[in-house]
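Undergrad: Structure incoming, see below.
None of the figures in this text is laboratory data; all of them are computed from the coordinates on show. Every value quoted in this text rests on a predicted model; they were computed, and no experiment measured them. Glycine also receives a Cβ, built like all others from the backbone with ideal geometry; neighbour counts cover every protein chain displayed.
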Amino acid sequence: MGWKAALVWDMARNMGPRYMLYRLRLMLETRLGVLEKRFPVRPETRFFIARSTWVQSVRFVLPPRGSFGLKPQPNPDLKRRADRIRSGLVPFFSATEFDLGPHFDWITHPETGKRYDLSKHWSRIPDLDPSMGDIKFVWEKSRFSYLHTVLRDDHHNGTDSAEWFFSELDSWIASNPINQGPNWRCSQEISLRCFNWLFGLSFYAHSEAFTDERWARYQNVFYWSLKHVYDHIDFSRIAVRNNHAITETAFLALSGVLFPFIPETRTWAADGKRWLEEEVAYQIYEDGTHLQFSTNYQRVVVQVLSLCLSVGRAFGLTFSDAFHRRSRAALDFLVSALEPSTGWLPNYGANDGALFFQFSDSDYSDFRPQLGCLSHALGVANPWGAGPWQEESHWFGIEPITAFSRPPERPMATAFPIGGFYGLREPETYAFVRCGAHKDRPSQADNLHLDLWYMDENWMRDAGSYKYNTSEAEIRYFAGTESHNALMIDGADQMLKGPRFVWFYWSQASARPWRLEEDEWVLDMTLRGFKGTGQTLVQHRSVRKKRNRPHWEITDHIEGTQDRLLVQRWHPHPGKIDSIHIRATDADGQFLERRDEHGWFSRRYGIKESVPQWSFACRGRLIRTTLEFTNP
């Protein structure tokens, strides 16, 4: 069976007939030009209310400048960063700064220099075009997330960037005609852009730079943006079904209170709220884990949930009990895996650098601002206390809770079996383990991955994800089993890689949760996978941890008597390799040679660094490895 036939079969089996029928419908609508008729270019201009009326009644999570309750704190570094943004130096993915200049056209790829064809309808522009480069680099500035730094500078340092802000909006609108070009292709990007515009419009509502002419343009774009998201919502709710759907349905759900002057929002908001609550109940499992199996994508969801709760509180919009329960469960799961002294979480799962709203000076890898904001929105005290991460809550219109809940006494073994995550925290160590059965589309071939932390730092790491649209070899490495602290068999990943984000023959794993046996913690796991070897194989992984010592023993063995090539890989922090003592033996107790290989590590999207990678290999059924960390 070729990969195309395998794709059809596997998708039909795993994704269901609804998905397959929608994909067929979308393909036909694109080819026949149906989407171009449904989403017309040069549509009629829509005007609803005067600027003065909107300004008098404006209510968003962020009040107008001058009535904002957060005490200004002058910050020279913040001013420097804001000055760079205003000059055209824009940070992408919280990682790389691109000099776009003051007159950027919004459709040129900053890495490749290729310019998208603005005359094309959005449905005719592919997400993946190797000749153009990764389309996310074109979408990034159009999210307007860089605006948050400028708003904070104006508030804390007394700058006035109102004219610059409105000029940015004017430039985008002039450069991106409705339903034309790459920036109208993704409904999630459209939703985020509108949310961030609202932050700016609310903050600068009383500025002289906010003219009647400008407001006429903005409300027209808001209308066609909402209509686009509503009319294309099946794509995110059926074909994608991840954080895209939550963002887009949230935009629709809030439209009735944010844009009450648009008559259609009565319908859009009612449907959107129902769909949002359905998506939250479906995507966030009962144990608080999320179907994308990614710490950063779950943070994306957390921010959208916080925004919904904040807007809901301001306008009397209520959400279901299930919405609140799943929000709290998601918070509890992420907090359980967080290193409280830094706010870092394991570099786990797909990570495209997304951080929709960044209203603090905290590092991108610090999750405390976002988790703290959701904590306060839910009326829950956070377990790490007061600090600069609380500022984000103020920008969301949420008063931070000054008290904090002390974390439970360690040790703490946690189990989230629906999503498939198991944690063990002791005074100086933390182990984060992925072991789950896939009922939703897997992101990476990383089952049974073991992430180890010592003295507040990640000593054995997940390599990350780097880029989504790059060479086949890089995609295979970062998404595959090789970039994880896991086992490969006969050179095969746990699942068979298909095109783009697709995996065939999803691996299925289960665990017997952590238990204490005399002086050791024990976790036993079983995985069924490796169909790429020609047959389904069963792998058992046992992790034994010396109580209150940074010492682990990991045993991988394969059922049956097959003579298989087993390769167990480890990804140490390069700054800790001299303090990591590791050795491995085979089934006969013979020591295996450690191979020092070349690997990659990526914590931020689009950036990778060369790092050491260790492996142990043997032909047989078993590899047993001991790891011990020493304090450097």
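Undergrad: Between ARG476 and LYS439, what length comes free when the chain is fully extended (0.36 nm per residue of separation minus the Cα-Cα distance, one decimal in nm)?
TA: Values: separation 37, 0.36 × 37 = 13.32 nm, distance 2.21 nm.
Here the answer is 11.1 nm.
Undergrad: Quick one: divide the alpha-carbon radius of gyration of the chain by 2.2 N^0.38 Å and tell me what you get.
TA: Details: Rg = 25.1 Å, N = 632, 2.2 N^0.38 = 25.5 Å.
Rounded to two decimals, the normalised Rg is 0.98.
Undergrad: Could you tell me the relative contact order of the range 229-337? Use alpha-carbon pairs under 8 Å, at least six residues apart, and round to a whole percent.
TA: Values: 117 pairs, mean separation 30.0, N = 109.
Over the range 229-337, the number comes to 28 percent.
Undergrad: Moving on to the next point. Say each of HIS551 and LEU28 gets a label point 7 Å from the Cα, pointing the same way as Cα to Cβ; how far apart are those two points in nm?
TA: Here the modelled spin labels are 6.6 nm apart.
Undergrad: Over the chain, calculate the relative contact order: mean separation of alpha carbon pairs under 8 Å at least 6 apart, over the residue count, as a percent. Could you put the intermediate results ahead of the total?
TA: Values: 1231 pairs, mean separation 65.7, N = 632.
This gives 10 percent for the chain.
Undergrad: With angles folded into 0 to 90 degrees, how steeply does helix 212-231 sit against the dominant principal axis of the chain? Use alpha carbons for both and round to 10.
TA: Value to nearest ten degrees: 40.
Undergrad: In nanometres, what is the gap between the two model label sites at ILE418 and ARG59, each 7 Å from Cα along Cα-to-Cβ?
TA: Each label point is offset 7 Å from its Cα along the Cβ direction, giving 3.3 nm.
Undergrad: Another question, if that's okay. Based on alpha-carbon centroids, what's the gap between the range 343-388 and the range 25-72 in Å, whole number please?
TA: Here the answer is 28 Å between Cα centres.
Undergrad: Then there's this: Can you quote the Å³ per residue value for the convex hull of the Cα atoms in the range 412-629, rounded to an integer?
TA: Details: hull volume 26.2 nm³, N = 218.
Each residue corresponds to 120 Å³ of Cα convex hull volume.
Undergrad: A further question follows. Largest first and in whole Å, give the semi-axes of the range 74-195's equivalent ellipsoid, each being the square root of 5 times a Cα gyration tensor eigenvalue.
TA: Output for the range 74-195: semi-axes of 27, 15, 12 Å.
Undergrad: Once the other residues with Cβ under 9 Å from the Cβ of SER161 are scored (Lys, Arg +1; Asp, Glu -1), what is the net sum? Each step should come with its number before you reach the end.
TA: Details: positive: ARG86; negative: ASP153, ASP154, ASP160, GLU163.
In short, -3.
Undergrad: So which GluC sites (Glu not before Pro) in the range 273-347 are both in a DSSP loop and have at most 14 other Cβ atoms within 10 Å of their Cβ? Write down the numbers at each step before the final one.
TA: Values: sites: GLU277, GLU278, GLU279, GLU286; in loops: GLU286.
The qualifying sites are GLU286.
Undergrad: Evaluate the distance, in nm, between pseudo-label points positioned 7 Å from the Cα of GLU208 and of ARG84 along their respective Cα→Cβ axes.
TA: Roughly 3.2 nm, to one decimal.
Undergrad: For the range 603-632 and the range 202-280, write down the distance between their C-alpha centroids in whole Å.
TA: About 46 Å separates the Cα centre of the range 603-632 from the one of the range 202-280.
Undergrad: Apply 1/(1 + (r/R0)^6) to the Cβ-Cβ distance of LEU118 and ASP578, taking R0 = 35 Å, and write down the FRET efficiency to the nearest 0.05.
TA: Working: r = 54 Å, r/R0 = 1.55.
That gives a FRET efficiency of 0.05.
Undergrad: Which of the aspartates and glutamates could be linked to LYS227 by a straight reach, that is with a Cα gap under 19 Å, when you skip same-chain ones fewer than 8 residues away?
TA: GLU29, GLU36, GLU44, GLU189, GLU248, GLU264, ASP271
Undergrad: Follow-up. Cα centroid distance between the range 125-168 and the range 75-107, in Å?
TA: The two parts, judged by their Cα centres, are 8 Å apart.
Undergrad: With a Förster radius of 60 Å, plug the Cβ-Cβ distance of ALA381 and GLN590 into 1/(1 + (r/R0)^6) and report the FRET value to the nearest 0.05. Walk me through the numbers before you get to the answer.
TA: Working: r = 54 Å, r/R0 = 0.90.
In this case the efficiency is close to 0.65.
Undergrad: Using DSSP to call loops (not H, G, I, E or B), can you name the trypsin sites (Lys or Arg not before Pro) in the range 10-106 whose Cβ has at most 15 other Cβ atoms within 10 angstrom?
TA: Values: sites: ARG13, ARG18, ARG23, ARG25, ARG31, LYS37, ARG38, ARG46, ARG51, ARG59, ARG65, LYS79, ARG80, ARG81, ARG84, ARG86; in loops: ARG46, ARG59, ARG65.
In loop regions of the range 10-106 (DSSP not H, G, I, E or B), the sparsely surrounded trypsin sites (Lys or Arg not before Pro) are ARG46, ARG59.
Undergrad: Turning to a different aspect of this structure: State which entries of LYS439/LYS545; LYS37/LYS120; LYS136/LYS439 exceed 19 angstrom in Cα-Cα distance in the structure shown.
TA: On the way: LYS439/LYS545 30 Å; LYS37/LYS120 13 Å; LYS136/LYS439 28 Å.
Long pairs (Cα-Cα over 19 Å): LYS439/LYS545; LYS136/LYS439.
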